[in-house]
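The values are calculated or read from the model by the stated rules, or taken from the named source; none is laboratory data. None of these values were measured; they are calculated from a predicted model. Methodologically, a virtual Cβ is constructed for each residue, glycine included, from the backbone with ideal geometry; neighbour enumeration extends over all protein chains shown. When the accessible area is computed, the model is the full protein with side chains, heavy atoms only, and any ligands, DNA or RNA have been set aside. Shrake-Rupley method; radii C 1.70, N 1.55, O 1.52, S 1.80 Å.
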Amino acid sequence: MNTLFSPITFRSLTLRNRIGVSPMCQYGSVDGFASDWHLVHLGSRAVGGAGLVIAEASAVEARGRISPDDLGIYKDEHIDALRRITKFIEEYGAVPGIQIAHAGRKGATANPWKLGSRHEKVDLSDQDGGWEIVGPSAIPFSETSRLPKSLTKEEIAEITQAFGQAALRSLKAGFKWLEIHAAHGYLLHSFYSPLSNKRTDEYGGSFQNRIRFLIEVTQEVRRHWPEHLPLAVRLSASDWVEDGWSLADSIALSKVLKTLGVDLIDCSSGFIRAGDRYEQGPGWQVALASAIKAEAGIATAAVGMISQAQLANEIILNGKADLVFLARELIRDPYWPFHAAKELGAVTAILPHKYNYAI
Ligand SMILES: Cc1cc2nc3c(=O)[nH]c(=O)nc-3n(C[C@H](O)[C@H](O)[C@H](O)COP(=O)(O)O)c2cc1C
(Lines give C-alpha, C1' and ligand atoms only; values in the text may rest on other atoms or scores of the structure.)
Protein backbone atom coordinates (compact mmCIF):
# COMPACT_ATOMS: atom_id res chain seq x y z
CA MET A 1 0.00 0.00 0.00
CA ASN A 2 1.41 3.43 -0.92
CA THR A 3 1.75 6.26 1.54
CA LEU A 4 2.75 9.90 1.24
CA PHE A 5 6.36 8.80 1.62
CA SER A 6 6.38 5.95 -0.90
CA PRO A 7 8.70 6.66 -3.82
CA ILE A 8 7.13 6.66 -7.28
CA THR A 9 8.64 6.19 -10.71
CA PHE A 10 7.64 7.99 -13.91
CA ARG A 11 9.64 6.77 -16.91
CA SER A 12 13.32 6.92 -15.84
CA LEU A 13 12.67 9.22 -12.91
CA THR A 14 11.95 8.30 -9.30
CA LEU A 15 10.48 10.83 -6.86
CA ARG A 16 11.47 10.16 -3.24
CA ASN A 17 7.92 10.83 -2.03
CA ARG A 18 4.52 12.01 -3.25
CA ILE A 19 4.85 15.66 -2.27
CA GLY A 20 5.16 18.23 -5.05
CA VAL A 21 5.71 21.97 -4.76
CA SER A 22 2.89 23.38 -6.84
CA PRO A 23 4.01 26.06 -9.30
CA MET A 24 3.87 29.52 -7.77
CA CYS A 25 4.50 32.77 -9.64
CA GLN A 26 7.05 34.83 -7.73
CA TYR A 27 6.94 38.00 -9.83
CA GLY A 28 10.65 38.24 -9.20
CA SER A 29 12.06 38.46 -12.72
CA VAL A 30 13.28 41.16 -15.03
CA ASP A 31 12.84 40.26 -18.70
CA GLY A 32 12.07 36.69 -17.67
CA PHE A 33 15.37 35.95 -15.95
CA ALA A 34 15.51 33.76 -12.82
CA SER A 35 17.04 35.52 -9.83
CA ASP A 36 18.65 34.60 -6.51
CA TRP A 37 15.13 34.69 -5.09
CA HIS A 38 14.16 31.72 -7.27
CA LEU A 39 17.20 29.78 -6.11
CA VAL A 40 16.27 30.35 -2.47
CA HIS A 41 12.52 29.89 -2.92
CA LEU A 42 12.78 26.64 -4.90
CA GLY A 43 15.98 25.46 -3.25
CA SER A 44 14.63 25.73 0.27
CA ARG A 45 11.64 23.58 -0.63
CA ALA A 46 14.00 20.91 -1.97
CA VAL A 47 15.92 21.11 1.30
CA GLY A 48 12.60 20.85 3.17
CA GLY A 49 11.99 17.40 1.71
CA ALA A 50 9.57 17.70 -1.22
CA GLY A 51 9.95 15.01 -3.87
CA LEU A 52 9.21 17.33 -6.78
CA VAL A 53 9.80 21.08 -6.99
CA ILE A 54 8.02 22.76 -9.89
CA ALA A 55 9.13 26.23 -10.91
CA GLU A 56 6.35 28.70 -11.58
CA ALA A 57 4.53 29.43 -14.85
CA SER A 58 7.36 30.33 -17.21
CA ALA A 59 6.34 32.18 -20.31
CA VAL A 60 7.10 30.65 -23.71
CA GLU A 61 7.02 34.10 -25.29
CA ALA A 62 7.30 37.55 -23.78
CA ARG A 63 3.67 38.49 -24.48
CA GLY A 64 2.65 35.24 -22.76
CA ARG A 65 3.67 36.63 -19.36
CA ILE A 66 1.00 37.41 -16.78
CA SER A 67 2.98 40.45 -15.64
CA PRO A 68 6.26 42.08 -16.68
CA ASP A 69 7.86 40.44 -13.61
CA ASP A 70 7.13 36.83 -14.62
CA LEU A 71 9.70 34.12 -15.08
CA GLY A 72 10.32 33.39 -18.77
CA ILE A 73 11.83 30.68 -20.91
CA TYR A 74 11.47 32.50 -24.21
CA LYS A 75 15.13 32.95 -25.03
CA ASP A 76 18.31 30.92 -24.73
CA GLU A 77 19.83 33.51 -22.39
CA HIS A 78 17.36 32.38 -19.70
CA ILE A 79 18.94 28.93 -19.47
CA ASP A 80 22.05 29.60 -17.38
CA ALA A 81 20.34 31.09 -14.33
CA LEU A 82 17.83 28.22 -14.34
CA ARG A 83 20.60 25.62 -14.56
CA ARG A 84 22.04 26.84 -11.28
CA ILE A 85 18.66 26.23 -9.63
CA THR A 86 18.03 22.76 -11.08
CA LYS A 87 21.51 21.67 -10.02
CA PHE A 88 20.84 22.75 -6.44
CA ILE A 89 17.41 21.09 -6.30
CA GLU A 90 18.81 17.78 -7.54
CA GLU A 91 21.78 17.94 -5.23
CA TYR A 92 19.33 17.89 -2.32
CA GLY A 93 17.33 14.92 -3.54
CA ALA A 94 14.31 16.51 -5.22
CA VAL A 95 13.35 16.43 -8.88
CA PRO A 96 13.44 19.85 -10.58
CA GLY A 97 10.34 20.60 -12.63
CA ILE A 98 9.10 23.59 -14.57
CA GLN A 99 5.71 24.73 -15.80
CA ILE A 100 5.73 26.24 -19.29
CA ALA A 101 2.95 28.69 -19.92
CA HIS A 102 1.25 31.32 -22.05
CA ALA A 103 -1.05 33.76 -20.26
CA GLY A 104 -3.11 34.60 -23.36
CA ARG A 105 -5.92 37.04 -22.63
CA LYS A 106 -4.95 37.15 -18.93
CA GLY A 107 -1.54 38.61 -19.74
CA ALA A 108 -0.18 42.14 -19.38
CA THR A 109 -1.41 42.66 -15.83
CA ALA A 110 0.15 44.30 -12.84
CA ASN A 111 2.15 42.24 -10.43
CA PRO A 112 -0.50 41.43 -7.76
CA TRP A 113 1.25 42.89 -4.75
CA LYS A 114 1.79 46.18 -6.51
CA LEU A 115 -1.86 46.56 -7.51
CA GLY A 116 -4.88 44.40 -6.89
CA SER A 117 -4.93 40.92 -5.36
CA ARG A 118 -4.04 37.38 -6.41
CA HIS A 119 -7.22 36.70 -8.35
CA GLU A 120 -8.02 40.24 -9.34
CA LYS A 121 -6.71 41.17 -12.76
CA VAL A 122 -5.43 44.73 -13.03
CA ASP A 123 -4.50 45.47 -16.62
CA LEU A 124 -1.42 47.45 -17.50
CA SER A 125 -1.81 50.06 -20.18
CA ASP A 126 0.87 50.19 -22.86
CA GLN A 127 2.27 53.33 -21.20
CA ASP A 128 2.63 51.40 -17.92
CA GLY A 129 4.46 48.51 -19.53
CA GLY A 130 1.55 46.45 -20.87
CA TRP A 131 1.23 44.88 -24.33
CA GLU A 132 -1.30 43.53 -26.77
CA ILE A 133 -2.89 40.35 -25.42
CA VAL A 134 -4.14 37.41 -27.46
CA GLY A 135 -6.80 34.72 -27.17
CA PRO A 136 -9.09 32.44 -29.11
CA SER A 137 -11.69 35.16 -29.62
CA ALA A 138 -12.02 38.87 -29.02
CA ILE A 139 -13.76 38.29 -25.68
CA PRO A 140 -12.29 40.03 -22.64
CA PHE A 141 -11.69 38.22 -19.34
CA SER A 142 -13.96 40.70 -17.53
CA GLU A 143 -16.15 43.54 -18.71
CA THR A 144 -13.39 46.00 -17.96
CA SER A 145 -10.41 43.91 -19.16
CA ARG A 146 -8.36 44.63 -22.25
CA LEU A 147 -9.80 43.16 -25.41
CA PRO A 148 -7.65 40.26 -26.65
CA LYS A 149 -6.77 39.97 -30.31
CA SER A 150 -8.10 36.74 -31.83
CA LEU A 151 -5.11 34.63 -32.93
CA THR A 152 -4.74 33.69 -36.58
CA LYS A 153 -3.91 30.10 -37.47
CA GLU A 154 -0.37 31.18 -38.35
CA GLU A 155 0.03 32.74 -34.90
CA ILE A 156 -1.33 29.59 -33.24
CA ALA A 157 1.34 27.61 -35.09
CA GLU A 158 4.03 30.06 -33.93
CA ILE A 159 2.98 29.73 -30.28
CA THR A 160 2.91 25.94 -30.65
CA GLN A 161 6.52 26.12 -31.81
CA ALA A 162 7.38 28.43 -28.93
CA PHE A 163 6.16 25.74 -26.51
CA GLY A 164 8.46 23.24 -28.24
CA GLN A 165 11.43 25.60 -27.96
CA ALA A 166 10.62 26.21 -24.29
CA ALA A 167 10.65 22.44 -23.71
CA LEU A 168 14.08 22.24 -25.30
CA ARG A 169 15.39 25.10 -23.16
CA SER A 170 13.92 23.46 -20.05
CA LEU A 171 15.88 20.33 -20.87
CA LYS A 172 19.07 22.31 -21.41
CA ALA A 173 18.48 24.04 -18.08
CA GLY A 174 18.46 20.66 -16.33
CA PHE A 175 14.76 20.25 -15.59
CA LYS A 176 13.63 16.62 -15.39
CA TRP A 177 9.89 17.16 -15.10
CA LEU A 178 7.92 19.31 -17.52
CA GLU A 179 4.39 20.56 -17.03
CA ILE A 180 2.31 22.30 -19.68
CA HIS A 181 0.11 24.96 -18.07
CA ALA A 182 -3.34 24.47 -19.56
CA ALA A 183 -5.40 25.78 -16.63
CA HIS A 184 -6.68 28.88 -14.83
CA GLY A 185 -8.05 30.71 -17.86
CA TYR A 186 -4.68 31.16 -19.55
CA LEU A 187 -4.21 30.62 -23.26
CA LEU A 188 -4.62 26.85 -23.65
CA HIS A 189 -7.55 26.68 -21.22
CA SER A 190 -9.18 29.62 -22.98
CA PHE A 191 -9.15 27.56 -26.18
CA TYR A 192 -10.69 24.40 -24.74
CA SER A 193 -13.33 26.17 -22.63
CA PRO A 194 -16.49 26.97 -24.56
CA LEU A 195 -16.94 30.08 -22.42
CA SER A 196 -13.98 31.89 -23.98
CA ASN A 197 -13.67 30.22 -27.37
CA LYS A 198 -16.23 31.31 -29.95
CA ARG A 199 -14.13 30.58 -33.04
CA THR A 200 -15.69 29.19 -36.16
CA ASP A 201 -12.55 27.61 -37.67
CA GLU A 202 -11.02 24.22 -36.75
CA TYR A 203 -9.87 25.62 -33.39
CA GLY A 204 -13.40 26.37 -32.15
CA GLY A 205 -16.86 24.89 -31.90
CA SER A 206 -16.79 21.15 -31.21
CA PHE A 207 -14.89 19.49 -28.36
CA GLN A 208 -12.40 18.09 -30.89
CA ASN A 209 -11.76 21.55 -32.29
CA ARG A 210 -11.42 23.30 -28.93
CA ILE A 211 -8.84 20.81 -27.66
CA ARG A 212 -6.86 20.99 -30.92
CA PHE A 213 -4.44 23.70 -29.78
CA LEU A 214 -3.54 21.84 -26.57
CA ILE A 215 -3.15 18.60 -28.54
CA GLU A 216 -0.80 20.28 -31.02
CA VAL A 217 1.19 21.90 -28.22
CA THR A 218 1.49 18.55 -26.43
CA GLN A 219 2.69 16.84 -29.60
CA GLU A 220 5.24 19.59 -30.25
CA VAL A 221 6.48 19.52 -26.67
CA ARG A 222 6.75 15.72 -26.68
CA ARG A 223 8.83 15.95 -29.87
CA HIS A 224 11.37 18.11 -28.03
CA TRP A 225 11.15 16.54 -24.57
CA PRO A 226 12.99 13.23 -24.32
CA GLU A 227 11.19 9.90 -24.15
CA HIS A 228 12.80 8.99 -20.84
CA LEU A 229 11.47 12.05 -18.97
CA PRO A 230 7.91 12.58 -17.75
CA LEU A 231 5.47 15.13 -19.10
CA ALA A 232 2.52 16.50 -17.14
CA VAL A 233 -0.39 18.77 -18.08
CA ARG A 234 -2.22 21.02 -15.63
CA LEU A 235 -5.90 21.30 -16.46
CA SER A 236 -8.69 23.35 -15.06
CA ALA A 237 -10.58 20.09 -14.81
CA SER A 238 -13.88 21.93 -14.42
CA ASP A 239 -15.01 25.50 -15.04
CA TRP A 240 -17.68 24.88 -12.37
CA VAL A 241 -20.10 26.72 -14.63
CA GLU A 242 -23.08 25.34 -16.47
CA ASP A 243 -22.25 25.31 -20.20
CA GLY A 244 -18.56 25.51 -19.31
CA TRP A 245 -15.82 22.90 -19.46
CA SER A 246 -16.76 19.87 -17.35
CA LEU A 247 -15.11 16.99 -15.52
CA ALA A 248 -16.48 14.64 -18.20
CA ASP A 249 -14.68 16.76 -20.82
CA SER A 250 -11.47 16.50 -18.78
CA ILE A 251 -11.74 12.73 -18.62
CA ALA A 252 -12.18 12.55 -22.40
CA LEU A 253 -9.27 14.97 -22.93
CA SER A 254 -7.03 13.09 -20.50
CA LYS A 255 -7.57 9.87 -22.44
CA VAL A 256 -6.31 11.63 -25.57
CA LEU A 257 -3.36 13.23 -23.76
CA LYS A 258 -2.33 9.82 -22.44
CA THR A 259 -1.99 8.51 -26.00
CA LEU A 260 0.30 11.46 -26.77
CA GLY A 261 2.81 10.55 -24.08
CA VAL A 262 1.48 12.58 -21.15
CA ASP A 263 2.26 10.85 -17.87
CA LEU A 264 0.24 12.81 -15.33
CA ILE A 265 -2.68 15.21 -15.17
CA ASP A 266 -2.33 17.92 -12.53
CA CYS A 267 -5.96 18.54 -11.56
CA SER A 268 -6.72 22.14 -10.75
CA SER A 269 -9.89 23.99 -11.75
CA GLY A 270 -11.60 27.28 -12.48
CA PHE A 271 -10.55 30.87 -13.20
CA ILE A 272 -11.81 31.13 -16.77
CA ARG A 273 -13.95 34.20 -16.03
CA ALA A 274 -13.63 37.13 -13.71
CA GLY A 275 -16.04 37.06 -10.82
CA ASP A 276 -16.55 33.28 -10.64
CA ARG A 277 -16.32 32.08 -7.05
CA TYR A 278 -15.73 28.53 -5.83
CA GLU A 279 -16.70 26.64 -2.71
CA GLN A 280 -13.24 25.87 -1.47
CA GLY A 281 -12.33 23.73 1.50
CA PRO A 282 -9.68 21.17 2.45
CA GLY A 283 -9.02 18.87 -0.50
CA TRP A 284 -11.80 20.50 -2.52
CA GLN A 285 -10.36 19.47 -5.91
CA VAL A 286 -9.36 15.91 -4.97
CA ALA A 287 -12.53 14.46 -6.50
CA LEU A 288 -11.39 15.74 -9.90
CA ALA A 289 -8.03 13.98 -9.59
CA SER A 290 -9.63 10.78 -8.41
CA ALA A 291 -12.24 10.68 -11.23
CA ILE A 292 -9.64 11.38 -13.93
CA LYS A 293 -7.29 8.75 -12.50
CA ALA A 294 -10.04 6.14 -12.33
CA GLU A 295 -11.76 6.87 -15.61
CA ALA A 296 -8.95 7.95 -17.91
CA GLY A 297 -6.44 5.49 -16.44
CA ILE A 298 -3.71 8.09 -16.06
CA ALA A 299 -1.70 9.20 -13.03
CA THR A 300 -2.93 12.40 -11.37
CA ALA A 301 -1.84 15.03 -8.92
CA ALA A 302 -4.37 16.46 -6.47
CA VAL A 303 -4.01 20.10 -5.47
CA GLY A 304 -5.87 22.69 -3.47
CA MET A 305 -5.99 23.29 0.27
CA ILE A 306 -4.11 20.16 1.16
CA SER A 307 -2.48 21.30 4.37
CA GLN A 308 -2.87 18.41 6.80
CA ALA A 309 -0.48 15.46 6.71
CA GLN A 310 -3.35 13.07 7.42
CA LEU A 311 -5.38 14.36 4.47
CA ALA A 312 -2.39 14.19 2.12
CA ASN A 313 -1.61 10.65 3.25
CA GLU A 314 -5.22 9.53 2.93
CA ILE A 315 -5.35 10.76 -0.69
CA ILE A 316 -2.35 8.57 -1.59
CA LEU A 317 -3.34 5.63 0.61
CA ASN A 318 -6.76 5.39 -0.99
CA GLY A 319 -5.41 5.78 -4.50
CA LYS A 320 -7.30 9.02 -5.18
CA ALA A 321 -4.19 10.55 -6.74
CA ASP A 322 -0.55 9.61 -7.25
CA LEU A 323 0.91 12.90 -6.03
CA VAL A 324 -0.26 15.79 -3.89
CA PHE A 325 0.82 19.29 -4.82
CA LEU A 326 0.94 21.99 -2.16
CA ALA A 327 1.34 25.70 -2.71
CA ARG A 328 0.39 28.04 0.16
CA GLU A 329 1.13 25.51 2.91
CA LEU A 330 4.65 25.17 1.56
CA ILE A 331 4.98 28.95 1.67
CA ARG A 332 4.00 28.84 5.32
CA ASP A 333 6.33 25.94 6.00
CA PRO A 334 9.06 24.86 3.57
CA TYR A 335 9.75 22.01 6.01
CA TRP A 336 6.21 20.67 5.70
CA PRO A 337 7.43 17.29 4.33
CA PHE A 338 9.72 16.90 7.34
CA HIS A 339 6.93 17.79 9.76
CA ALA A 340 4.45 15.54 7.94
CA ALA A 341 6.89 12.62 8.10
CA LYS A 342 7.19 13.07 11.84
CA GLU A 343 3.43 13.32 12.31
CA LEU A 344 2.79 10.21 10.25
CA GLY A 345 5.61 8.27 11.86
CA ALA A 346 7.24 7.84 8.47
CA VAL A 347 10.93 8.12 7.53
CA THR A 348 12.72 10.75 9.53
CA ALA A 349 16.01 11.12 7.62
CA ILE A 350 14.33 13.48 5.23
CA LEU A 351 16.53 16.53 5.63
CA PRO A 352 20.02 16.88 4.13
CA HIS A 353 22.89 15.47 6.21
CA LYS A 354 23.97 19.02 7.02
CA TYR A 355 20.81 19.38 9.11
CA ASN A 356 19.78 15.81 9.82
CA TYR A 357 22.76 14.80 11.91
CA ALA A 358 22.30 17.82 14.14
CA ILE A 359 18.71 17.39 15.28
C1 LIG B 1 1.55 32.80 -4.88
C2 LIG B 1 0.91 31.80 -5.80
C3 LIG B 1 1.32 31.73 -7.11
C4 LIG B 1 0.76 30.77 -7.99
N5 LIG B 1 1.25 30.64 -9.26
C6 LIG B 1 0.84 29.61 -10.02
C7 LIG B 1 1.50 29.29 -11.23
O8 LIG B 1 2.53 29.86 -11.60
N9 LIG B 1 0.98 28.29 -11.99
C10 LIG B 1 -0.11 27.57 -11.59
O11 LIG B 1 -0.54 26.68 -12.31
N12 LIG B 1 -0.73 27.82 -10.42
C13 LIG B 1 -0.25 28.79 -9.62
N14 LIG B 1 -0.81 28.98 -8.39
C15 LIG B 1 -1.82 28.03 -7.91
C16 LIG B 1 -1.14 26.93 -7.08
O17 LIG B 1 -0.22 26.18 -7.84
C18 LIG B 1 -2.19 25.98 -6.46
O19 LIG B 1 -2.82 25.28 -7.49
C20 LIG B 1 -3.23 26.71 -5.61
O21 LIG B 1 -2.63 27.71 -4.80
C22 LIG B 1 -3.98 25.76 -4.70
O23 LIG B 1 -3.10 25.09 -3.84
P24 LIG B 1 -2.93 25.51 -2.27
O25 LIG B 1 -4.30 25.50 -1.68
O26 LIG B 1 -2.02 24.44 -1.71
O27 LIG B 1 -2.31 26.86 -2.23
C28 LIG B 1 -0.28 29.93 -7.51
C29 LIG B 1 -0.70 30.05 -6.20
C30 LIG B 1 -0.10 30.94 -5.33
C31 LIG B 1 -0.55 30.99 -3.89
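Structural remarks
- Search result, residues across segment 7-17 that are open to solvent by 20 Å² or more (accessible area, probe 1.4 Å) and assigned to a loop (DSSP other than H, G, I, E, B): P7, R11, S12, R16
- Single unsatisfied condition, F175 versus (1) open to solvent by 10 Å² or more (accessible area, probe 1.4 Å); (2) within 16 Å of the ligand (Cβ to nearest atom); (3) in contact with a strand residue (DSSP E or B) (Cβ under 9 Å, 6 or more places away or on another chain): (1)
- For T348, the test of being at pLDDT 95 or above, among the polar types (S, T, N, Q) and either more than 11 Å from the ligand (Cβ to nearest atom) or not in a loop (DSSP other than H, G, I, E, B) (or both) is failed.
- Note on segment 280-298: residues that are under 16 Å from S22 (Cβ atoms) and open to solvent by 20 Å² or more (accessible area, probe 1.4 Å) total 3.
- Matching residues in segment 282-314 - criterion: being touching a residue at least 60 places away in the same chain (Cβ under 8 Å) and under 20 Å from the mean Cα position of the chain (by Cα): A299, A301, V303, A312
- Within segment 146-186, tally of residues that are part of a helix (DSSP H, G or I) and closer than 12 Å to P136 by Cβ: 4
Here's the yes/no breakdown for (1) within 16 Å of the ligand (Cβ to nearest atom); (2) in contact (Cβ under 8 Å) with a residue 12 or more places away in the chain; (3) within 19 Å of the chain's Cα centre (by Cα):
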{"position": "F163", "(1), (2), (3)": "yes, yes, yes"}
{"position": "A183", "(1), (2), (3)": "yes, yes, yes"}
{"position": "T200", "(1), (2), (3)": "no, no, no"}
{"position": "L214", "(1), (2), (3)": "yes, yes, yes"}
{"position": "S254", "(1), (2), (3)": "no, yes, yes"}
{"position": "L257", "(1), (2), (3)": "no, yes, yes"}
{"position": "I265", "(1), (2), (3)": "yes, yes, yes"}
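- Restricting the first member to segment 30-59 and to residues that are farther than 18 Å from V303 by Cβ, and the second to residues that are surrounded by fewer than 22 Cβ atoms within 10 Å (Cβ to Cβ) and charged (D, E, K, R), the beta-carbon pairs closer than 7 Å and six or more apart or on different chains are L39/R84.
- Meets criteria (away from the ligand (no atom under 16 Å from the Cβ), of a type outside the set (A, V, I, L, M, F, W, C) and out of contact with any Gly (no Cβ under 7 Å at 6 or more places or on another chain)) for G130: yes
- Of everything in segment 199-256 that is of a type in the set (S, T, N, Q) and in a loop (DSSP other than H, G, I, E, B), the residue that is least open to solvent (accessible area, probe 1.4 Å) is S238.
- If you filter segment 257-272 down to residues that are outside any loop (DSSP other than H, G, I, E, B) and touching a Ser or Thr at 6+ places or on another chain (Cβ under 8 Å), you find that the one that is nearest to G107 (Cα to Cα) is S268.
- Strands (runs of 3 or more DSSP E) lying entirely in segment 18-106 (those with 3 or more residues that are more than 16 Å from the ligand (Cβ to nearest atom) and open to solvent by less than 10 Å² (accessible area, probe 1.4 Å)): none
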